[in-house]
Amino acid sequence: ETSDITGFAQDGREFAVIGLLDAAAIVDVTNPALPFETGRIPGSYSIWRDLKYWDEHVYIGTEADDGIKVIDVSNPDNPVLVNTIFDVDNSHNIHIHDGFLYIVGADVHHIWIYDLSNPAVPQFMGAWDEEYIHDLDVYQDKAYAMAVYSSTAYIIDVSDKSSPETILSWSYPGMAHDCAVSPDGQ
């Protein structure tokens, strides 16, 4: 009964952050044979939580109406909820690239962009609103985004975070759930 997982290394230790039905668990996996939980951040019931790490903080999105939780893990043995982005009620996916948080599968805007210069207090930068986006990847100031319901792929210029612009889009057969960009931009 888990959904997503992310990980991070800090102070010579390794951690997994695991999305559960009603929480996110931080687990020390430094010794994979003896993992142990260091903390748990409760949340509303949901079969989906998406988790990302940036600069000693974990960001938790969920399809429950919990917003985006910001967890300080500078002391991974005592993770602390330090903020919640309430602009977004719920979300399907979050992505972090080069100090920016991208939120998709949410209400109001289809892509929300936040600056993480102060990781505990993300600052809203801008949004893109053409169509519901299920997942995205960001590479070299371009968001590669999948609109699962219309079977449309987008490449969006996000160099100006306050005003993202679609470069191109195309239809594909089926319903792509995810996307990823290779290091050569393919």
message: Starting from the 7 Å offset along Cα-to-Cβ, what nm value, one decimal, do you get for the label separation of T84 and S163?
response: 3.5 nm
query: Hey, with R₀ at 45 Å, roughly what FRET efficiency would E130 and A23 work out to, going by the Cβ-Cβ distance, to 0.05?
result: 0.85
message: Could you report the accessible area of F100 in Å², rounded to 10, computed with a 1.4 Å probe on the protein chains as they sit in the structure?
response: 40 Å²
- line: Farthest towards the positive end of the dipole of the chain, among L51, L34, A16 and with Cβ unit charges of +1 on Lys and Arg and -1 on Asp and Glu, lies the Cα of L34
task: Would you kindly find the accessible area of L168, with a 1.4 Å probe and non-protein molecules such as ligands, DNA and RNA excluded, rounding to the nearest 10 Å²?
output: 80 Å²
- line: Over all directions, the chain yields a Cα convex hull whose mean projected area in nm² is 10.9 nm²
statement: The value for segment 79-123 (convex hull of the alpha-carbon atoms, volume per residue, Å³) is 83 Å³
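Which whole-number percent is the relative contact order of the chain (Cα, under 8 Å, 6+ apart)? Please report the intermediate quantities before stating the final value.
Working: 495 pairs, mean separation 20.8, N = 186.
Relative contact order for the chain comes out at 11 percent.
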statement: With the dipole of the chain defined by +1 on each Lys or Arg Cβ and -1 on each Asp or Glu Cβ, the option from Q186, W170, S151 whose Cα lies farthest towards the positive pole is Q186
- line: SASA check, S162, accessible area w/ 1.4 Å probe, all protein chains in place, rounded to nearest 10 Å², comes out at 70 Å²
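The values are calculated or read from the model by the stated rules, or taken from the named source; none is laboratory data. Because the structure is predicted, anything quoted here is derived from the model rather than measured. Glycine also receives a Cβ, built like all others from the backbone with ideal geometry; neighbour counts cover every protein chain displayed. For accessibility, only protein heavy atoms count, side chains too; no ligands or nucleic acids. Shrake-Rupley method; radii C 1.70, N 1.55, O 1.52, S 1.80 Å.
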